[in-house]
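Participant: Quick one: this structure, given as structure tokens, is what I'll be asking you about.
The values are calculated or read from the model by the stated rules, or taken from the named source; none is laboratory data. All of these numbers come straight from a predicted model, not from anything done at the bench. As a convention, Cβ positions derive from the backbone with ideal geometry for all residues, glycine included, and neighbour counts pool all protein chains shown.
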Amino acid sequence: MNRRQRAIGLLAALGSIDALYLTWIKIAGGKAACAGVGDCEAVNASVYSEIAGVPVAALGVAMYALIGVLVWLGARRPALTEWAQLAVFGLALVGLVFSGWLTYVEIEILQAICPYCVVSAVLIGAIFLLSVIGLLHGSQLRD
């Protein structure tokens, strides 16, 4: 596994932890530990925190986990490397657009920021950037 794959894998693992925490808070009805930064409760209790009854954070867990699996497959199965790289790019693009929309909702509609959501936006942005770099360099997730 090369540096880019390791970096994407690490970012996906961090994103999974972040999203798992938010999912747990949503399902358990608990309060997120925001330490006075932002307003996690306003964001987590809003109608925008679910899609068809599924917590948005749970969708994040699925996305980050799938990205991790794809990176692992690309590293272990050379025949799948190009496909895995394109799939990571596609997932990261969708995740980045969705995260951008959620950030807009936080700022403009809810007028509240969830620091965990900001962390997720930064992580998916970094994954997207690394996937674009891989595509541009034709490295197929290999250096």
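Participant: Could you tell me which of the residues VAL37, VAL47, VAL56 is out of contact with any helix residue (DSSP H, G or I) (no Cβ under 7 Å at 6 or more places or on another chain) and among the hydrophobic types (A, V, I, L, M, F, W, C)?
Facilitator: Selected residue: VAL47, the only one of VAL37, VAL47, VAL56 that is out of contact with any helix residue (DSSP H, G or I) (no Cβ under 7 Å at 6 or more places or on another chain) and among the hydrophobic types (A, V, I, L, M, F, W, C).
Participant: Suppose we filter segment 21-79 for residues that are among the polar types (S, T, N, Q), in contact (Cβ under 8 Å) with a residue 24 or more places away in the chain and farther than 30 Å from GLN5 by Cα; how many remain?
Facilitator: 2
Participant: Here's something else I'd like to know. If you go through segment 79-96, how many residues are within 16 Å of ALA12 (Cβ to Cβ), hydrophobic (A, V, I, L, M, F, W, C) and exposed (fewer than 14 other Cβ atoms within 10 Å of the Cβ)?
Facilitator: The number of residues fulfilling the criteria is 1.
Participant: Does segment 5-19 contain any residue that is under 25 Å from GLU108 (Cβ atoms), among the hydrophobic types (A, V, I, L, M, F, W, C) and out of contact with any Pro (no Cβ under 6 Å at 6 or more places or on another chain)?
Facilitator: The answer is yes; a qualifying residue exists.
Participant: Test TYR104 against the criterion of being hydroxyl-bearing (Ser, Thr, Tyr) and without any contact (Cβ under 8 Å) to a residue 12 or more places away in the chain, and give yes or no.
Facilitator: yes
Participant: Follow-up question, since we're still on this one. Name the residues in segment 1-51 that are among the basic types (Lys, Arg) and either at pLDDT 90 or above or crowded, with 16+ Cβ neighbours inside 10 Å (or both), would you?
Facilitator: Listed by number, the residues that qualify are ARG3, ARG4, ARG6, LYS26.
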